[in-house]
Amino acid sequence: MLEYSWFIDYAGTVSFAVSGSFAAMQRRLDPFGVLIIAFVTAVGGGTIRDILLGNTPVTWMRTTTTPLIILVAALISMFLRRGTERLQKPLLLFDSLGLGFFTLVGIEQASRYGLHPGICVALGTITGCFGGVIRDILLNDIPIVFRQEIYATASILGGILYYLFLEFSLTIPLAKLLTIGFIFVFRLLVVRYRWALPRFYE
Amino acid sequence: MLEYSWFIDYAGTVSFAVSGSFAAMQRRLDPFGVLIIAFVTAVGGGTIRDILLGNTPVTWMRTTTTPLIILVAALISMFLRRGTERLQKPLLLFDSLGLGFFTLVGIEQASRYGLHPGICVALGTITGCFGGVIRDILLNDIPIVFRQEIYATASILGGILYYLFLEFSLTIPLAKLLTIGFIFVFRLLVVRYRWALPRFYE
Amino acid sequence: MLEYSWFIDYAGTVSFAVSGSFAAMQRRLDPFGVLIIAFVTAVGGGTIRDILLGNTPVTWMRTTTTPLIILVAALISMFLRRGTERLQKPLLLFDSLGLGFFTLVGIEQASRYGLHPGICVALGTITGCFGGVIRDILLNDIPIVFRQEIYATASILGGILYYLFLEFSLTIPLAKLLTIGFIFVFRLLVVRYRWALPRFYE
């Protein structure tokens, strides 16, 4: 089943690239700017993870597949702007799948360096969420992930669950599948019911 | 005496984490956002230093002590918000001690790579100051260190003094102690008397 | 001829440092802030390239020449502010030469890691353009390179041309010279005739 992980990886990349393109077009960037924002949204999280780990040259540089996918996704977003806006729902699905998958990729990469599980979960969250953080910094916003939705929380909880699953002797592929499923469903529920962390300090 | 340096290190970490938490709560971030801002304020400077040097995986990932300290400091800041606001003065003391200590840690790490003393002082300053810079970027401000206080200047002067002390054959522990003391006192004087660099170009 | 490349390198560094100083003084930063912005504008692109490649300690740390040049350029900018404003035109020339040269430096460094030519062109563009991106982020702007001028486009087209030149069996020094010349002239034409990428998605 996890042989299909390349599909989820690419679907996540496409989804992040499209969401970046939309945000950049809203801010009236020029086509080059749109392309760059699409790019950093899609690969930013993994790049920060690789840099923190010293895993260089960073992953996206080692092949041309990911850059090409992002280029095509950004171009399609620009040419079919109207059309893609109707894709809001499938986009959310891809985005949530991408969040789940990227979180696991980050955890896996970090655990190869023999780091503590808590640190690995942090790196999973960075992989899943920090592309969006860089996008928001470049567009001169306070990153949305710090303000509104329980986006990162889905990633953190998923990471913790993953280690619990392994603790309970689940096989790695099954643990992965359940984790991706959890993050996916949790994220959709957050959006659907507008869950938010309580600001108990106000 | 320098055996107690772990105390200063942790006190600096706590102080930076608390100052990050306060800044984030003022901007009405959600609890996750507060935690992240606390984290980057406390470890950001050292992380940039490590990345520039190629000292990876970066320092804070190698144990769980620092992340745990930051987590606790951020949670206490959120729960006791009112109480901690009365701690303005001790906070400034910790912050100034932290600045001094982190500056020296940066110089030490850099000198292990055989870099020129001027570059080592720059890396000491980055270690001491750039956590606050990242905090301000994420909160969508022009970093305060570039605008108002002679914060970085204390760090730079301290670093230069440190090498002068070594030049005059002081022992390393004594030179460290005097440097931390200088940065600490200089920073307090800056705040007390509102010293500022002259904008001679206006 | 390319023996003179150190001249272009330093001229590019000076130009980027001066442009950074001007931007910082406009925002009323204090002298330390001006110095830092001059610094990141001049070395930021190369630093990101080095970090992505794992080429550490990053280049500017290995000697003191570059930092000294930037320090002097920033100080002169601050002391002779009025005078340097009249230098708008020579500045543009240096800036455009710098863009061409830094693009090639980036491509060369990247190709040493055996990366795909497309990736190398991307790293050349990052080397040439991202110092300005960091400058704008620190000054709390949406990076100008994403909004107005075909700045990065000159760099990308130049990089592609460079590989075409090699494909047509030009010698490396000649290919370099022609590439720098192309980027230089293209950039000047962009500024002269206010070329802009069409926002076809509006």
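Values computed for the structure shown
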| item | result |
| --- | --- |
| Where a residue in segment A:1-27 is more than 18 Å from residue A:151 (Cα to Cα) and of a type in the set (Val, Ile, Thr) and its partner, wherever it lies, is buried (at least 21 other Cβ atoms within 10 Å of the Cβ) and at pLDDT 85 or above, with Cβ under 7 Å and at least six apart | A:8/A:101; A:14/A:73 |
| Residue under evaluation residue C:179, criteria (1) assigned to a loop (DSSP other than H, G, I, E, B); (2) away from chain A (no Cβ under 14 Å), criterion not met | (1) |
| Residue check, residue A:56 within 11 Å of chain C (Cβ to nearest Cβ), closer than 29 Å to residue C:151 by Cβ, assigned to a loop (DSSP other than H, G, I, E, B) and β-branched (Val, Ile, Thr) | yes |
| Checking residue A:182 against (1) crowded, with 21+ Cβ neighbours inside 10 Å; (2) touching a residue at least 24 places away in the same chain (Cβ under 8 Å), the condition it does not meet | (1) |
| Residue A:2 vs. criteria at pLDDT below 85, within 17 Å of residue A:102 (Cβ to Cβ), touching a Lys or Arg at 6+ places or on another chain (Cβ under 7 Å) and not acidic (Asp, Glu) | yes |
| Test: residue B:44 is touching a Lys or Arg at 6+ places or on another chain (Cβ under 9 Å), more than 9 Å from every other protein chain (Cβ to nearest Cβ) and under 19 Å from residue B:99 (Cα atoms) | yes |
| Residue selected from segment A:133-143 under the condition out of contact with any Gly (no Cβ under 9 Å at 6 or more places or on another chain) and outside any loop (DSSP other than H, G, I, E, B), by the criterion nearest to the other protein chains (Cβ to nearest Cβ) | A:137 |
| Test: residue A:120 is touching a residue at least 60 places away in the same chain (Cβ under 8 Å), surrounded by 18 or more Cβ atoms within 10 Å (Cβ to Cβ) and either in a loop (DSSP other than H, G, I, E, B) or of a type outside the set (Ser, Thr, Tyr) (or both) | no |
| Some residue of segment C:133-156 being among the small types (Gly, Ala, Ser) and closer than 22 Å to residue A:43 by Cα | yes |
| Test result for residue A:138, out of contact with any strand residue (DSSP E or B) (no Cβ under 9 Å at 6 or more places or on another chain) and modelled with pLDDT of 90 or more | no |
| Residues within segment B:11-23 that are among the aliphatic types (A, V, I, L, M) and at pLDDT below 85, tallied | 2 |
| Any hit, segment A:72-81, residues being touching a helix residue (DSSP H, G or I) at 6+ places or on another chain (Cβ under 8 Å) and at pLDDT below 80 | yes |
| Unique match (being under 26 Å from residue C:55 (Cα atoms), assigned to a helix (DSSP H, G or I), at the interface with another protein chain (Cβ under 9 Å from one of its Cβ atoms) and free of Cβ contacts under 8 Å to residues at least 60 places away in the same chain) among C:153, C:125 | C:153 |
| Single unsatisfied condition, residue C:130 versus (1) aromatic (Phe, Trp, Tyr); (2) in contact (Cβ under 8 Å) with a residue 40 or more places away in the chain; (3) part of a helix (DSSP H, G or I); (4) more than 25 Å from residue A:21 (Cβ to Cβ) | (4) |
| Test for residue C:65: is it over 23 Å from residue C:192 (Cα atoms) and surrounded by fewer than 17 Cβ atoms within 10 Å (Cβ to Cβ) | yes |
| Qualifying residue in segment A:105-114 (condition: of a type in the set (Gly, Ala, Ser), surrounded by 24 or more Cβ atoms within 10 Å (Cβ to Cβ), assigned to a helix (DSSP H, G or I) and within 11 Å of chain B (Cβ to nearest Cβ)) | yes |
| Residue that is farthest from residue B:28 (Cα to Cα), among those in segment A:156-195 that are modelled with pLDDT of 90 or more and of a type in the set (Gly, Ala, Ser) | A:175 |
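The values are calculated or read from the model by the stated rules, or taken from the named source; none is laboratory data. Nothing here was measured: the structure is a model prediction, and the numbers come from that model. No Cβ is skipped: glycine too gets one built from the backbone with ideal geometry, and neighbour counts run over all protein chains shown.
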